[in-house]
Structures are given as structure tokens and as C-alpha cells.
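In what follows, a structure is listed as C-alpha cells, so that the remarks can point back to it.
The values are calculated or read from the model by the stated rules, or taken from the named source; none is laboratory data. Only a predicted model underlies this, so the values are computations on that prediction, with no experimental measurement involved. When we count neighbours, we look across all protein chains shown, and the Cβ atoms used for this are built from the backbone with ideal geometry, even at glycine.
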Amino acid sequence: MIVGGAQIGGIQKAEPRATVVARMMALMEQAHRQGVQFLVYPEMTLTTFFPRFYVEDRAEFDHWFETEMPNAATQPLFDLARRLGMGFTFGYCELTPEGQHFNTSIIVSPGGEILSTYRKTHLPGHADHDPARTHQHLEKRYFLAGDTGFNVVRNQGVIMGMAICNDRRWPETWRSLGLQGVELVTIGYNTPSQNNLSAEEGIERRVYHHELSVCAGAYQNSTYAVAVAKCGLEDGNHMFAGSIIVDPDGFVIARATGEGDELILAECDFDKCAFGKSTVFNFAAHRRIEHYGRITNQ
Ligand code: ING
């Protein structure tokens, strides 16, 4: 199966969802022309990365959230995917009827059915304004930690699982999916080039840690991974690109070259996952769970 990654360049605060969806659809049509059957979009694909901004009354930011999916803004994307017979996944900010705010992603079948919903588990950053920081990163202020856990679903004959951004840095994410036989892990991300207490950390180091996390996770669980950025400049704030497709041996088999809207794609032979799962990473034969207690109870 040819799998695609639809990297999205910066979305400015003032940019309406309709414009963003049109950009997403253009990439989907390009993907279809190049034989892509499943397409991966970034985290928070519909809006700017607003957790960089502090607001006292969080309700002021509810307009960044979707209360239903699909909805008027995204229905055209669902309709196009169905017409093209393409499965896809994308991230958005979810406001539930109960008033809960999640950083969410979904997997949609070629027939337009939402097969799986995932809510981001690992929220980086902080909940209150931190004057010591050069850049705020307030995901803990605007989102609840996800309540879905890590699940897989079979779509288009492939066992697929979702993670979102910071999740990729935690081995627990990957092994939770690996233990369910995952063959394709999708990861949308928005990673600021500076958001720590010191601004001198180089972007090369950040990009290295991103790629290291994805390649290690894929290799250690013998799965493909597609990690796709929303990147470039958003109202002057930079997020790095580096979208990649990684094979079950941990090799990068496709990589974005720019920081704008860009399609990457690769032919994925999911039978390749079986070798690692039956040899080096045959979990049943080699893991010793009696010694792993610290991972789950600390
Ligand atoms: N962003 C970043 C990420 O995990 C971050 C936060 C940046 C963590 C740099 C560590 C280093 O890629 C999101 N949205 O999780």
C-alpha cells in the first residue's frame, strides 16, 4: 500500500478553517494522483498552535475546538476522501458535550466511517503562565490528558494505531501499540523550535530527538510509522518540519524537504512487519514481564 504524509505549513491565527481544509484537500488530490491509499495529516491540523498563547479565561479559546466531527468545515474533506476511496487520519481539538477539551485524532475508513478516536495522552509543557520561559507551551492548560489509551484498529487490511506529538517521545506509547500487533503508527505533531527556558538549544538537536524517537519506536516494535508536522511560521512563531515515513527496521524511507504544505509518500509492504515480530521482537518468547513492574506502577 502506498501511504502518504500530508505535511501542513503554518496556519495563522486569522486563517479560517475553510482555507485550511482546502489546503488539506489539495494535498489529498495530489496524493490520490500518486496512488496513495491512506493519508496522514498532522496534530491540530485545523487551527494554529494556540497553546503558545496564554489566556486567563479558557472559554475564550473554545472557538479553536470542534464540537462534532465531521462538521460543516470538515465535511468537504470527508466527501472528497470517500469519492477518492482514501482512508485518512488527522488531528483536531475536541470539545465534548460534557465540556471536556482533548487534543484528538481520528482514523477514517475509505467509506468515511470514523473507526477510531484517540486523545493525546502525554501533554508537555505547563498549565499556568510561566514568565521565566521565552515561549509558553500551555497544552496542560487547555487540554485534559487523554482518556482513550492506546488502541489499534484494522483499516484497509492494516493494523493501525495513533499517537500524537509528545507521545512519540515515550517508549510506553510504542510498546502499548506493539503489544497489539500494530503495523502502522501515525503521529501528527506541532513542535516549536523554541519553547524551553533557554532559547539557545539548536534546532538540529530537536529534529534529531524527533527522528530518534520515531525510528527507535518503529524498530523496537517492528512497525511502520508516519510522523507528519504542522510546521513553519505561525504568526512569527517557528515550528520545525521533518515529516518522515519509517519502516519496521527503523530506516527513514521518505522525508519532507521543506517547511510548507508538502506530500511525502512510500510503498509500505506490511508483511515486512512480521519478521521482526517473529524474531528479535517476538514479545512472547523474549519479554520478561515479571521484571517490568516499575514501568506500570511508578
Ligand atoms: N510539542 C512538542 C513535542 O513533544 C516538545 C513539545 C518540544 C517536547 C521539544 C520536547 C522538546 O514534540 C507537542 N505539541 O507535544
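Residue count for the stretch 248-275 satisfying the condition of being under 20 Å from ASN166 (Cα atoms), in contact (Cβ under 8 Å) with a residue 24 or more places away in the chain and not β-branched (Val, Ile, Thr): 3. A Cβ distance below 9 Å, combined with a sequence gap of six or more or placement on separate chains, defines the contacts here; from the stretch 135-146, residues that are more than 17 Å from GLU60 (Cα to Cα) and free of Cβ contacts under 8 Å to residues at least 60 places away in the same chain reach residues that are among the β-branched types (Val, Ile, Thr) and within 12 Å of the ligand (Cβ to nearest atom) in the pairs ALA145/THR121; GLY146/THR121; GLY146/ILE164. Those strands (runs of 3 or more DSSP E) of the stretch 124-203 that lie entirely within it include none in which at least 3 residues are within 22 Å of ILE2 (Cβ to Cβ) and of a type in the set (Lys, Arg).
Please tell me if ARG206 is at pLDDT below 95, within 12 Å of the ligand (Cβ to nearest atom) and not hydroxyl-bearing (Ser, Thr, Tyr). Spelling it out, ARG206 is indeed at pLDDT below 95, within 12 Å of the ligand (Cβ to nearest atom) and not hydroxyl-bearing (Ser, Thr, Tyr). Number of residues in the stretch 154-184 that are closer than 20 Å to PHE38 by Cβ, within 9 Å of the ligand (Cβ to nearest atom) and basic (Lys, Arg): the value is 1. Only residues that are in contact with a strand residue (DSSP E or B) (Cβ under 6 Å, 6 or more places away or on another chain) and over 15 Å from ASN190 (Cα atoms) were counted across the stretch 92-101, and they come to 3.
Report whether or not HIS210 is in contact with a strand residue (DSSP E or B) (Cβ under 9 Å, 6 or more places away or on another chain), of a type outside the set (S, T, N, Q) and in a strand (DSSP E or B). When the stated conditions are applied, HIS210 does not pass them.
Sort through GLY217, GLY242 and tell me the only one that's in contact with a helix residue (DSSP H, G or I) (Cβ under 6 Å, 6 or more places away or on another chain), touching a residue at least 24 places away in the same chain (Cβ under 8 Å) and under 18 Å from PRO171 (Cα atoms).
Just one listed residue meets the conditions, GLY217.
Residue count for the stretch 81-130, restricted to those that are more than 18 Å from ALA22 (Cα to Cα), within 15 Å of the ligand (Cβ to nearest atom) and of a type outside the set (Asp, Glu): 16.
Taking the stated definitions as given, is ILE187 more than 12 Å from the ligand (Cβ to nearest atom) and of a type in the set (A, V, I, L, M, F, W, C)?
No; evaluated as a whole, the condition is false for this residue.
Residues are listed down the side, and each one gets a yes or a no for (1) within 16 Å of the ligand (Cβ to nearest atom); (2) of a type outside the set (D, E, K, R); (3) farther than 19 Å from PHE240 by Cα; (4) not in a helix (DSSP H, G or I):
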{"residue": "VAL3", "(1), (2), (3), (4)": "no, yes, yes, yes"}
{"residue": "GLN7", "(1), (2), (3), (4)": "yes, yes, no, yes"}
{"residue": "ILE11", "(1), (2), (3), (4)": "yes, yes, no, yes"}
{"residue": "LEU27", "(1), (2), (3), (4)": "no, yes, yes, no"}
{"residue": "GLN30", "(1), (2), (3), (4)": "no, yes, yes, no"}
{"residue": "PRO42", "(1), (2), (3), (4)": "yes, yes, no, yes"}
{"residue": "THR45", "(1), (2), (3), (4)": "yes, yes, no, yes"}
